[in-house]
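Engineer: Before I ask anything, here is the structure I am working with.
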Amino acid sequence: MKSASMRRADGWSYGELKMLPLSSFRALASIFQWIEDHKQWPACLSQWFLVLLRKTNIAVPTWADLRPITVAASLYRLWARVKGQQNPWGSQGA
């Protein structure tokens, strides 16, 4: 994960996550295990922002002139990356 990144949908940046002690990640792992077991994501981790970036500088863009970008929660992306690396088929995940 990049050290310099914008805050994500949950308010965390990757640089801030990197400053957390290992014990915090153990607590997060317990939370994620509960989420997996109960299949209930907290709203703060399952909501994404949609940002529309302009491809051109025209005054009134059409949909073809916009590029949608989704901004997920940093914690969700961290979990997805770990789970992707555990995939037995070799996918790298999010």
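The values are calculated or read from the model by the stated rules, or taken from the named source; none is laboratory data. All values derive from a computational prediction rather than experimental measurement. When we count neighbours, we look across all protein chains shown, and the Cβ atoms used for this are built from the backbone with ideal geometry, even at glycine. Calculation scope for accessible area: heavy atoms of the full protein, side chains included, ligands and nucleic acids excluded. Shrake-Rupley method; radii C 1.70, N 1.55, O 1.52, S 1.80 Å.
Each row is one residue, and each column tells you yes or no for (1) open to solvent by less than 50 Å² (accessible area, probe 1.4 Å); (2) of a type in the set (Ser, Thr, Tyr); (3) modelled with pLDDT of 80 or more.
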residue	(1), (2), (3)
Lys2	no, no, no
Met6	no, no, no
Ala27	no, no, yes
Ile31	no, no, yes
Trp34	no, no, yes
Ser46	no, yes, no
Lys55	no, no, yes
Pro68	no, no, yes
Ala94	no, no, no
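Engineer: Moving on to the next point. For region 55-74, enumerate the residues that are out of contact with any Lys or Arg (no Cβ under 8 Å at 6 or more places or on another chain) and under 30 Å from Leu17 (Cβ atoms).
Structural biologist: Answer for region 55-74, where residues must be out of contact with any Lys or Arg (no Cβ under 8 Å at 6 or more places or on another chain) and under 30 Å from Leu17 (Cβ atoms): Pro68, Ile69, Thr70.
Engineer: Here's a follow-up. Let me spell it out: the conditions are (1) open to solvent by 90 Å² or more (accessible area, probe 1.4 Å); (2) modelled with pLDDT under 80, and Gly90 meets all of them except one. Which number is the exception?
Structural biologist: Of (1) open to solvent by 90 Å² or more (accessible area, probe 1.4 Å); (2) modelled with pLDDT under 80, only one is false for Gly90: (1).
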